[in-house]
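Encoded as structure tokens, the structure appears first; notes follow it.
The values are calculated or read from the model by the stated rules, or taken from the named source; none is laboratory data. Predicted model, so just to flag it, every value in this text is computed and none were measured. With ideal geometry, Cβ positions are generated from the backbone for all residues, glycine too; neighbour counts draw on all protein chains shown.
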Amino acid sequence: MTRTGLATTVALAGCLTAYNYSALGAGFAIVEQSVPSLGTAVAGAAVSAEDASTIWFNPAGMTRVKGTQTIAAVHIIQPNIKFSERGSTTTTAAGTNRTQGGDGSDAGNTAAIPNFYYKRDLLGEKLQFGLGINVPFGQDTDYDDGWVGRYHAIQSRLHTVNINPAFAARVWKGLSLGAGVSALYGDAKLTNKVDVGALIGQSGTLDLLVEINDADDWTYTGNVGAMYEFTDRTRVGAHYRSCSDLDLKGDAKFVFAPDTPSFLVDSLKASGFVKTTAEAKVKLPDTVELSGYHAFRNGLAVMASSTWYNWDRLDTVDIKFRSGLPDSELEFDYNDVWRHSIGATYSNNNRFIWRLGFAYDESPVDNRRTRSARLPDNDRYWATAGFSWLPSPNLKLDFAYAHLFIPDTDIDTTVTRLASTHVLKGRYNSDVDIVSAQLTYNFK
């Protein structure tokens, strides 16, 4: 094979790796869409209908929210993602050796997730209108440039914004129906390195940095919900949000180490690897949530939810390259998952409401060999608490805290390129802390 062919193949492998797990990041659902619901681990979210945030969880619940209301909230999410190396290797023509590099420091980045909701009555109180603006998907991991897994991932970032108008009406006795549409914007960035030095017997010394920047798109979804009130104290609800696809289009850039031999740089540039574009269609899951709620006469209320995520549709990602690069199809091994939660609230006056919750959140990845360093996901156990303070009839302040317990997560994943095979082997120790605050105002 010619030097140009060698360089082209290695650079193409770098492009594929850079996009290899972007879909996993795009598929990471953010459930922090309301501070009161976070206090109960999002239990009963499709039926609690405590405020205008029901626009997201189940628009049918707007029939229980009286008058005009606006909500502004923020969730500070602090993931702690620490990797311990346990035998990562690099295999080249010269043999197999331990991959050199550090543990990557803490790959978790603090994020501020906002929510905004507005609700008002139309046609008297016969019809309700709501508008929600939130962040339904996202990830942000960032390792040190020289870490042992740099050939698998360095930076992985996905930001989204969702705009969701919705309507609701009480159609018969205790039955309410609601529906909405959403415009979803996504923007992604991914980076990793390629072991170019392995081509000339200098593995680990000459790394090519691959960057995918400004890969963005708009997509559209719909959601429908129903709520049935058996009594003033007991109700059930169901909500469906449709699947969607993000057709991400961005720039691909290649940054060479300063001492990379000129013939290798020239071969890559001659093959079109200077600055090109890449496109990948990422399939986001549809979801179904079922919720129940019951309030006792002593001020205690209990609620529960089960939510299904259709991750199975994220089977392949077709990647199209420009500037003469061949197209590629990436295979994924994802599973449908469930999230189960229970919660309770208590109030003995009109000023404070206290909240507790617990949830079990399944991961779509359950195999250390298919797990990605971009998002080393595992099952999560949520413990949450919160309270509401009502200083006046028109104003409510909410606060919540959540801690996510994540079992130690093993990874044993392989990336094979023309001149080298890299095995990332180790264990992640991770957890997440969330602190949230919300202001709700009811207009007279």
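Before moving on, here are some points about what is shown:
- Residues satisfying the stated conditions in segment 149-180, i.e. under 30 Å from GLU211 (Cα atoms), at pLDDT 95 or above and touching a helix residue (DSSP H, G or I) at 6+ places or on another chain (Cβ under 9 Å): ASN162
- Segment 55-81, residues that are buried (at least 23 other Cβ atoms within 10 Å of the Cβ) and either farther than 14 Å from LEU131 by Cβ or without any contact (Cβ under 8 Å) to a residue 60 or more places away in the chain (or both): PHE57, ASN58, ALA60, GLY61, THR63, ALA73, HIS75, ILE81
- Test: residue in segment 333-345 that is within 20 Å of VAL415 (Cβ to Cβ), charged (D, E, K, R) and modelled with pLDDT under 95: yes
- Residue in segment 410-420 that is assigned to a loop (DSSP other than H, G, I, E, B) and within 18 Å of PHE28 (Cα to Cα) present: no
- Here ASP266, ASP286 are screened, and the one residue that is among the acidic types (Asp, Glu), over 26 Å from ARG355 (Cβ atoms) and surrounded by 14 or more Cβ atoms within 10 Å (Cβ to Cβ) is ASP286.
Condition check ((1) more than 21 Å from the chain's Cα centre (by Cα); (2) surrounded by fewer than 21 Cβ atoms within 10 Å (Cβ to Cβ); (3) in contact (Cβ under 8 Å) with a residue 40 or more places away in the chain) across all residues:
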position	(1), (2), (3)
VAL365	no, no, yes
ARG380	no, yes, yes
ALA402	no, no, yes
THR414	yes, yes, yes
SER420	yes, no, yes
ARG427	yes, yes, yes
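- Looking only at segment 343-402, residues that are in a strand (DSSP E or B) and among the acidic types (Asp, Glu) come to 2 in all.
- Inspection of segment 186-194 finds no residue satisfying the criterion of being in contact (Cβ under 8 Å) with a residue 12 or more places away in the chain, closer than 30 Å to THR231 by Cα and touching a Leu at 6+ places or on another chain (Cβ under 8 Å).
- Residue check: GLY124 meets all listed conditions (1) of a type in the set (Gly, Ala, Ser); (2) over 23 Å from ASN80 (Cα atoms); (3) touching a residue at least 24 places away in the same chain (Cβ under 8 Å) but one, namely (3).
- Test: residue in segment 191-208 that is under 30 Å from ASP121 (Cβ atoms), surrounded by fewer than 22 Cβ atoms within 10 Å (Cβ to Cβ) and not β-branched (Val, Ile, Thr): no
- Test result for TYR143, among the aromatic types (Phe, Trp, Tyr), within 30 Å of SER88 (Cβ to Cβ) and modelled with pLDDT under 95: no
- Test result for SER88, over 21 Å from the mean Cα position of the chain (by Cα), over 30 Å from ALA46 (Cα atoms), modelled with pLDDT of 95 or more and buried (at least 19 other Cβ atoms within 10 Å of the Cβ): yes
- In segment 137-184, the residues that are of a type in the set (D, E, K, R), within 30 Å of GLY87 (Cβ to Cβ) and more than 18 Å from the chain's Cα centre (by Cα): ASP144, ASP145, ARG150
- Residues in segment 91-136 that are within 19 Å of the chain's Cα centre (by Cα), surrounded by fewer than 20 Cβ atoms within 10 Å (Cβ to Cβ) and under 26 Å from GLN69 (Cβ atoms): ALA112, ILE113, PRO114, PHE116, ILE133, VAL135.
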